[in-house]
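Input: a single structure, listed below in structure tokens.
Read-outs throughout are calculated quantities, based only on the coordinates presented, and are distinct from any laboratory measurement. What you see is a predicted model, and the numbers here were worked out from it, not measured in a lab. When we count neighbours, we look across all protein chains shown, and the Cβ atoms used for this are built from the backbone with ideal geometry, even at glycine.
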């Protein structure tokens, strides 16, 4: 499903160059649950932006579902972000004074779907993310951190993406709530979703089935987790 070949990313600021990725290569098959772990400055965030079609490498190849992503135009990249990848972020990125229902429906705002269909899909996504429907008319700022992250997961699921890309999804949560959210990702993976988790926490990475460790822009280890 995903193939990264010798990815290099160089940021330039005037005459200063910073090489964030130094030839990163790996494959992720459909249905895997993979954690990409590394300390701050390791290059994992840069790699996440490339995998999420939010940025392009300076050199190397990124292939998603047989497509060379770096060769696509802006409209094609937007289509990938909208329909193939569901994003879950550390800060939830919910509209605070907006209901759970409307937050989940945001990716459908400019689609051709009817209001009734959008509402139905929002309810289905919330249930699929493991949260009760009784919160669907609450404002998002009335929810706990764990509930907000489940709403964010539901929003990521509403277009039925093949990949869920989660960037430090437990960074703002306590340990107990973090484990609940990670078990939700495990359940989604068991239902067939490919999960790619970006984290700096080994304990969180161990919820995945495979861990790719990155440091100083290179892959240090790529190993399966023994359960």
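Overview of results
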quantity: Label point at residue 93 placed 7 Å out along Cα→Cβ; residues across the stretch 195-227 whose backbone nitrogen lies under 17 Å; calculated: 195-199
quantity: Ellipsoid semi-axes in whole angstrom, largest first, where each is sqrt(5λ) of the Cα gyration tensor of the stretch 85-182; calculated: 21, 15, 11
quantity: Kirkwood-type radius of the stretch 76-124, with distances r between different C-alpha atoms, in Å; calculated: 12.0
quantity: Helix 175-190 vs. the chain, principal-axis angle (Cα, 0 to 90°, nearest 10); calculated: 80
quantity: Cα-based Kirkwood hydrodynamic radius, the chain, one decimal, Å; calculated: 18.1
quantity: Approximate spin-label separation residue 110-residue 83, in nm, with each point projected 7 Å along Cα-to-Cβ; calculated: 1.5
quantity: Debye log10 I(q)/I(0) at q = 0.32 Å⁻¹ for the stretch 106-152, Cα point scatterers; calculated: -1.23
quantity: Efficiency of FRET between residue 186 and residue 16 - r from beta-carbon atoms, R0 41 angstrom, step 0.05; calculated: 0.45
quantity: Spherically averaged projected area in nm², based on the convex hull that wraps the Cα atoms of the stretch 1-123; calculated: 10.1
quantity: Where labels lie 7 Å past Cα in the beta-carbon direction, separation of residue 25 and residue 201 in nm; calculated: 3.4
quantity: In degrees, nearest ten, helix 145-157 long axis to first principal axis of the chain (Cα); calculated: 80
quantity: Degrees, to the nearest 10: 74-83 long Cα axis against longest axis of the chain; calculated: 50
